[in-house]
Structure formats: structure tokens, C-alpha cells
């Protein structure tokens, strides 16, 4: 509890001064409930009521908070300050360098107001591919889009000696400048939304053969062939730009897919293959887990700051589930062990120091 109190205890409490429960205690209750599969204010309140004996090892309380209390906290808590606290918390137990950090956005598909099903709330996350931990996350403020939010996430991170990867939406000068200025490198997907850069990359790769590597692998009954080509950029098109990368992949007899990238370093073809594949860990290791195991897409939290704060609670819980058990226990089993084994739950929370 001391570790969580140290990082989240300094958050400003948006409630009235006569509130019955400390803000950090409510946050710990929500994290513990999320570890056991809860994902809304009603379930948080039920968990605090039914598991008071277990939670009393972390928090001293006699009467469980109501679902209105949890709902009020989620709606009013400043998500920007909460995101900064989460990034500091994640950085305290993750010190790896020279690894791929994938930046990508994810929507909470059911957390929308009536009539706005086509534009559900969004959260942009930074995911460390090797350690499989979410390092930072942020939600757009009113008037912002995913591009602006991704820049906020970069600002929350220490990207020194790290490689930031992102899809084509984030291939622009502001992202490149933010990463390079902070001491990191980037590998950004390049598509037709940057038509002039895309044409320049295509022409450069056609005019001058670069280093190339081909490899093949078989997984899930499919044969996949991949080829990487890397050439120095004739001229820098954005801050730090040094190379173009082309990845050609083909599964079985399906048509080949070609992907282009802009990089702030000159990687070897093998590195290019590894780094581009590592980026997709954010989908399999973070987004899929949030949806399938923590049921994030089923959340209906949609008022005020609730969607952004629920997303942060889920990412804290996901990090704890990922890092608290060194054995090869599936995440689904870890959630059940947290729900059924009091000692396992308390040790999982206490592990994050």
C-alpha cells in the first residue's frame, strides 16, 4: 500500500472537504477490484463490501463506500494528474532502455453518450514491447484528437535511448521532433496520408538498392515470408530523419503487403524486421488483454472524466497482473487467483514497489 500511496496519495481530491474516504484508498479499492474482474462503480462498491476482510490488510474502513462514491470520484478526478501519477508509478519499476515503445490509441467502444456511438472515448497508450508493460496513457481533452494526445503521452515518458514506434497517423514533424528532442529514436509508419513523403520514399527505394534481408516462419499453420529493405534517406524530411524502411510480407498464397517507414537511425534489415513486428505487441499484449480479460469495451462509464479514469485504472491493473507473477500462469488464471485467493491478491498489489 505504501508504494501506491506514494504515487497516488498526492493527487488533489476533487470532492468536498468532509469526504469520508481518502482518495488514495478509493483508488486502491478500484485497482484491487479490477484485478478481480470488476469494471464499473457498482462492482467496485460490491467488491469493497464483500472483500472488506482482505482489503483491511491495506485500508482501514468499517463501512464500504457506495457506488455513488466511486462514480463521483471517477467523474471528478483530474485525468491529466492521474495520468502523470500513473506514468511515474510505471517508471518506478520499469528501467529498461533500448527497447521498442509502441504508441497507439484504443477506444472504449460502449462508453459513449446516446447518439455518439460512432465516436466513443479514446485513450492513447505507450506500451513497452519487451517487458509487456503499459508505461503511460492519456485521453484527449475537449477539442483534442489522437495526434495531440499521442504527443502528451510522449511528454509523460522518458524516451531516452528508446525506440518509439507508431502508425501512419503519427508520422509528422511534431512527433519526430518530440521524440528526438527527448533523446529517443523513432520508427514511424508511412502511408498515403503523407503523399509527398510516401512518393519520396518509393522513389528512393526504387533508385538505389539498399541492405536487404529475407526470412520465413511458420506459425498457426501459416507460412509467412518477410523481406526488409533499408536505405539512407537522400535528405531529411523531418527532424532526425535518416532512413527509409520497406517491409514486404506474404502469408501463404495471399497477395504480398508492402509497408513503408521513416526512421531516425539506420537500422540493419534484421533490426527493422524485429522492430516493426514488436510494434504490434501493443495490440496483442495490451489492447486484446484489456478487452478480453478486463472487459474494457463493456464499460459504460461515459460522464465527465469517468472514461479516461476507468481506462487508467484498467492499465494499472493490467500492469500488476502482468508483472506480479513470474510463473507461466495465464492472465485469466491470475484474475481468478486474485478473486479467490486473498494472499495472492494482496501480494500482487504489494509486489509493485
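The values are calculated or read from the model by the stated rules, or taken from the named source; none is laboratory data. This structure is a prediction, so every number in the text was calculated from the model and none was measured. Reconstructed Cβ throughout: ideal geometry from the backbone, glycine too, with neighbour counts over all protein chains shown.
Matching residues to (1) within 11 Å of the chain's Cα centre (by Cα); (2) modelled with pLDDT of 95 or more:
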residue	(1), (2)
125	yes, yes
133	yes, no
136	yes, yes
140	no, no
145	no, no
148	no, yes
153	yes, yes
157	no, no
Inset, instruction - Answer yes or no: is there a residue in segment 203-210 that is in contact with a helix residue (DSSP H, G or I) (Cβ under 9 Å, 6 or more places away or on another chain), modelled with pLDDT under 90 and either surrounded by 15 or more Cβ atoms within 10 Å (Cβ to Cβ) or within 29 Å of residue 124 (Cβ to Cβ) (or both). - result: yes
Inset, instruction - Determine whether residue 240 is at positive phi and free of Cβ contacts under 8 Å to residues at least 24 places away in the same chain. - result: no
Legend entry - Among the residues listed as 41, 48, the single one being at pLDDT 90 or above, surrounded by 17 or more Cβ atoms within 10 Å (Cβ to Cβ) and more than 22 Å from residue 80 (Cβ to Cβ): 48
Inset, instruction - Output the number of residues of segment 291-324 satisfying the condition of being part of a helix (DSSP H, G or I), over 9 Å from residue 39 (Cβ atoms) and either out of contact with any strand residue (DSSP E or B) (no Cβ under 7 Å at 6 or more places or on another chain) or without any contact (Cβ under 8 Å) to a residue 60 or more places away in the chain (or both). - result: 10
Inset, instruction - For residue 296, work out the one condition from (1) more than 15 Å from the chain's Cα centre (by Cα); (2) surrounded by 13 or more Cβ atoms within 10 Å (Cβ to Cβ); (3) at pLDDT below 95 it doesn't fulfil. - result: (1)
Legend entry - Residue in segment 182-197 that is nearest to the chain's Cα centre (by Cα), counting only those that are assigned to a helix (DSSP H, G or I) and buried (at least 18 other Cβ atoms within 10 Å of the Cβ): 194
Inset, instruction - Report whether or not residue 205 is under 22 Å from residue 271 (Cβ atoms), touching a residue at least 40 places away in the same chain (Cβ under 8 Å) and under 30 Å from the mean Cα position of the chain (by Cα). - result: no
Legend entry - In segment 153-168, residue farthest from residue 85 (Cα to Cα) [restricted to those that are touching a residue at least 60 places away in the same chain (Cβ under 8 Å) and surrounded by fewer than 22 Cβ atoms within 10 Å (Cβ to Cβ)]: 167
Inset, instruction - Could you list all residues from segment 30-57 that are under 22 Å from residue 311 (Cβ atoms) and touching a residue at least 40 places away in the same chain (Cβ under 8 Å)? - result: 30, 31, 32, 34, 35, 36, 37, 39, 40, 41
Inset, instruction - Please tell me if residue 240 is surrounded by 15 or more Cβ atoms within 10 Å (Cβ to Cβ), in contact with a helix residue (DSSP H, G or I) (Cβ under 8 Å, 6 or more places away or on another chain) and within 27 Å of residue 152 (Cα to Cα). - result: yes
